[in-house]
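Only the coordinates and a few stated rules stand behind these numbers; no lab work does. All values reported here derive from a predicted model rather than from experimental measurement. Cβ: placed from backbone, ideal geometry, glycine included. Neighbour counts: every protein chain shown.
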Amino acid sequence: MNKISVIVIAGNEEGNIEDCLKSVAWADEIVVVDSESADRTVEIAKRYTPNVHVRAWQGYANQKAFALKAASNEWVLGLDADERVQPKLAEEIAAADLNAFDGYRIKRENYFLGRMIRGCGWGRDYQLRLFRKSRTTVTDRQVHEGFRVDGNVGVLAGAITHYSYRTLKEAFAKIEKYSTLEAEEKARRKTANPITMLCAAPCAFLHHFVVRGGFIDGTYGAMVSLMHALTKLQVQMKIWEMRKK
């Protein structure tokens, strides 16, 4: 059996955290880093692990780096609160000889309003999530941060279920948050103008709906593509506003 630590960062995730932690109850250790939630996230998390750390929000990358440091085992599985480890993946991790690689990419099955999305690039979403702690760092980004392994990386056959957007209200809230973080990151080195604003949304929509195959998901694919388009439009407008100030 491989000794595995699972790390999860959370903030006001009382609707997600229990199912997430239930899916990794098999792990040798679970570490939760909570960003001072105002709901029952911490209370629920403590039912599944004594390793619940509450600290002020310092950005996705910083919270994940703290969680990684807090893990006591060499092999670490990183999850978000809205993700679940499927049983076949849990069995694979427990039984596999992990020593062939220093990290492993795992496929995510992404859901939008209760429907699994195959197109928009979501059906080919492989994330580096299982890795040796001693060979891993967190990428220093405000959004779309991730883990980086200094070594060889393999791929596991199992999958993670990702309930990214359960409602449109939740989707629009995330767009507002992520577009701001992306704009803050890009405003240091990029400018925005009427041309980039006009082109951002239609280009993003066509890329996801046509090039990345969103059309195979019908209305759901169109909506996901429109979400990407709205995000890119907001990023351009926010870059313009930030640089103007």
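On a full-extension model of 0.36 nm per residue, what is the gain between Ala94 and Arg148, subtracting their alpha-carbon distance, rounded to one decimal in nm? Numbers along the way, then the final one.
On the way: separation 54, 0.36 × 54 = 19.44 nm, distance 2.24 nm.
Gain on stretching Ala94 to Arg148: 17.2 nm.
Extension gain for Leu206 to Arg47 (0.36 nm times residue separation, less C-alpha to C-alpha distance): 52.7 nm. Exposed loop sites are taken as GluC sites (Glu not before Pro) in a DSSP loop (any state but H, G, I, E or B) with at most 16 other beta carbon atoms within 10 Å; the longest stretch of the chain without one runs 75-245. Projecting label points 7 angstrom from Cα along Cα→Cβ for Lys244 and Glu74 puts them 5.5 nm apart. In the chain, taking the dipole from charged Cβ atoms about the Cα centre, the farthest positive-side position among Trp122, His228, Ala25 is held by His228. Here segment 48-90 is scanned for amide nitrogen atoms under 17 Å from the site 7 Å beyond the Cα of Asn12 along Cα-to-Cβ, giving 55-60, 81-82. What the Kirkwood sum gives for segment 4-165 is a hydrodynamic radius of 15.8 Å, with every pair of different alpha carbons counted. Counting only Cβ charges, +1 for Lys and Arg and -1 for Asp and Glu, the dipole size of the chain around its Cα centre is about 900 debye. As a length-normalised measure over Cα pairs under 8 Å and 6 or more apart, the relative contact order of the chain settles at 19 percent.
As I understand it, the value is the acute angle between the Cα axis of helix 60-70 and the longest principal axis of the Cα atoms of the chain; what does it come to in degrees, rounded to 10? Approximately 10 degrees, to the nearest ten. In segment 4-165, a dipole from Cβ-located charges (positive for Lys and Arg, negative for Asp and Glu) runs towards its positive end, and of Asn62, Gly15, Ile160 it is Ile160 whose Cα lies farthest in that direction.
Less than 5 angstrom separates the built amide H of Lys46 from none of the residues sequence-distant by 5 or more or on a different chain.
If contacts are Cα pairs under 8 angstrom and at least 6 residues apart, what is the relative contact order of segment 64-144 in percent? Walk me through the intermediate numbers first.
Values: 67 pairs, mean separation 32.4, N = 81.
For segment 64-144, the relative contact order is 40 percent.
Site pair Ala25 and Lys3 shows an inter-label distance of 2.4 nm when each label is modelled 7 Å from Cα along Cα→Cβ. The mean sequence distance of close C-alpha pairs (under 8 Å, at least 6 residues apart), as a share of the length of segment 168-244, puts its relative contact order at 49 percent.
Helix-derived [θ] at 222 nm for the chain: sum -39500 (n - 2.57) over DSSP H runs of at least 4, divide by residue count, nearest 500? Can you show the working numbers first?
Numbers: 7 runs with 90 residues, N = 245.
After summing the helix terms and dividing by the residues of the chain, the value is -11500 deg cm²/dmol.
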